[in-house]
Amino acid sequence: SCASCPRRRRRRRSVSSVLLLAPLLAETEPAPRRVCRPTGSAGAQGTDGLSAHFRWMADQVPAFRVPGSNVKILTSPDQFYQAMKARIKTAQRRVVMASLYLGTGQLEQELVDCMEEALQHSKENRHSDLKISILLDYTRGSRGQINSRTMLLPLLQRFTSQMRVSLYHTPDLRGLLRLLVPQRFNETIGVQHIKVYLFDDSVIISGANLSDSYFTNRQDRYVLLENCREVADFFSNLVEAVGDVSLQLQPDDSVTVLEGMVHPYKGNRQDFSAVARKRIMEVVNTARMRQQLQQHRPEESEDEGEDGGEEDTWVFPLIQMKPLGIRVDEQVTQRLLTDAEPDSTVFLTSGYFNLTRAYVRLVLGAGASYRILTASPEVNGFFGAKGVAGAIPAAYVHIARQFYNQVRQLGQEERVHLHEYHRPQWTFHAKGLWYYLQGQDRPCLTLIGSPNFGYRSVHRDLEAQIAIVTESEELQSQLQEQETLYRRSTEVSGSTFERPDRYVKLWVKLVTPLIKNFF
């Protein structure tokens, strides 16, 4: 009937947008490198065993020792929001915020007002020299008439010397593709996805964006590292480095490139990636060199724990920026999944369950028990969205079903369990991993940050998370936060996918393999 014509036209248009992306669909994933499994279990080896078990991470990334008592797990969106507002107001030297975007509602405006208040106070107080640096994604931050940029322009105009707003633009969105992909879909090519919120020497690492739902009813994860100067310095330098290779927002809403920098989509693609990789890896390598020097001068490394007690916890920053040739997080995650021993348990959560083929292979081929938690369709962030985006929850159902079928075919149901999160009026965005060694009833390691363990996280976006390894029993107890998430979940069984609300239309099944690399 004619009533469906516009819908059919709209679908054809969105499918044609997908076809534009065909060159990018051809990417294949390399097989994961096999890593030798360490002999013996760390479970019964006490604290020495624990540090030895994960010492290999320090060969790849900086390893910051901090007191476990300085690490706090925040559990609710409101707690996250209130912590940020309070800390912006009291910041003396720096506020550094990296996010996908800043929303445009009342709660976001209050955050901006806190920044204005802090900058004003700093201007009046001659002893204070507060600088605020914000890193967002260009495509997402520029969408619509009122957007992240228009929210921040008044601050940039009033406090030009104290304020920096950087907008990262992926080098993969260029030329014809940039002209033809509609605004609503252009961020599928790749975005700045790091979520770091830093105030002087304290830092919140999260998967949450700066938007009202993340402050109210979108379940995420957040860890606050208080008075951890070296960790804060590392992330401040990382955001500054990504900011340097990004477009700089000007007070008149135009954007410029820093002098001597390659333009992300007008300049040569290889040149941009090479310069960006060099600038960002400088941060990682400098931090590692500093630590190696400190090991030879142990008296200098004592000051970190002065006010915080015993340094019983390690923080390993992991970054993933495949478009720039940086693959640290992927390598560390693969090794963690490879090394997970038969009697250990891994809890893994993702708001968008779309594991890479390499990760699926490692999970299905491992010895550890896995409990994987993902969003049920009604708590998926795309539930009820307009147009083709409204079909995304069904695509995730299709992907989950395929994974579940693989588990069953391999007879792994006893070892690999899939759960769905339910919570009326909420959405689910929590991602991460918790590792329980053999015989332990508390996790000794967690991964927390922006990656979703999916194709986008590994191949398209800029991501950062931290691995926290701790011997502190108090912090290990806090890390059991995932139990609260799993309490709101049900385990998936074969009958789950037979339910009417799990019905997936044929066209969704057909396009899912084409588009799964974009969400």
Check: Accessible surface of D59 in the full protein assembly, 1.4 angstrom probe, to the nearest 10 Å²?
Finding: 110
Margin query: Quick check on region 128-262: of the DSSP beta bridges with both residues there, what percent are antiparallel, nearest 5%?
Written below: 70
Margin query: Report the Cα-based extents of region 405-508 along its three principal axes, largest first, to the nearest Å.
Written below: 49, 35, 34
Note to self: If you take every residue apart from D59 with its C-beta less than 13 Å away from the C-beta of D59, what net charge results, scoring Lys and Arg +1 and Asp and Glu -1?
What the structure shows: +3
Check: Given Cα pairs under 8 Å that are at least 6 residues apart, what percent is the relative contact order of the chain?
Finding: 19
Check: So what does C114 come to for accessible area, using a 1.4 Å probe and Å² rounded to 10?
Finding: 10
Next item on the list: Only one of the values (i) 33, 32, 22; (ii) 40, 25, 22; (iii) 53, 24, 19 was calculated from this structure for semi-axes √(5λ) of the Cα gyration tensor in Å; name its label.
Entry: (i)
Note to self: I need the calculated FRET efficiency for the pair D501 and Q331, taking r as the beta carbon distance and R₀ as 35 Å, to the nearest 0.05.
What the structure shows: 0.35
Item checked: Dipole axis of region 393-519 (+1 Lys, Arg; -1 Asp, Glu on Cβ), positive-most option in V508, H398, V469 -> V508
Margin query: Within 11 Å, Cβ to Cβ, of H429, how many net charges do the neighbouring residues add up to if Lys/Arg are +1 and Asp/Glu are -1?
Written below: +3
Check: Once phi is turned into θ = phi - 60°, what whole-Hz ³J(HN,Hα) does the Karplus curve with 6.51, -1.76 and 1.60 give for every residue of region 88-101, x standing for Gly and Pro?
Finding: 4, 5, 9, 4, 9, 10, 8, 10, 10, 10, 10, 7, 5, 7
Next item on the list: Report, by chain and number, residues whose modeled amide H sits under 5 Å from the one on L247, excluding near sequence neighbours (fewer than 5 apart, same chain).
Entry: L167, Y168, H169
Notebook entry, point to check: Given the protein chains as shown and a 1.4 Å probe, how many square angstrom of V223 are accessible, to the nearest 10?
Noted result: 0
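The values are calculated or read from the model by the stated rules, or taken from the named source; none is laboratory data. Note that the structure is a prediction, hence the values are computed from the model and not measured. Every residue, glycine as well, gets a Cβ built from its backbone with ideal geometry; the counts of neighbours run over all protein chains shown. Just so you know, the surface numbers come from the protein's heavy atoms only, side chains and all, with ligands and any DNA or RNA stripped out. Shrake-Rupley method; radii C 1.70, N 1.55, O 1.52, S 1.80 Å.
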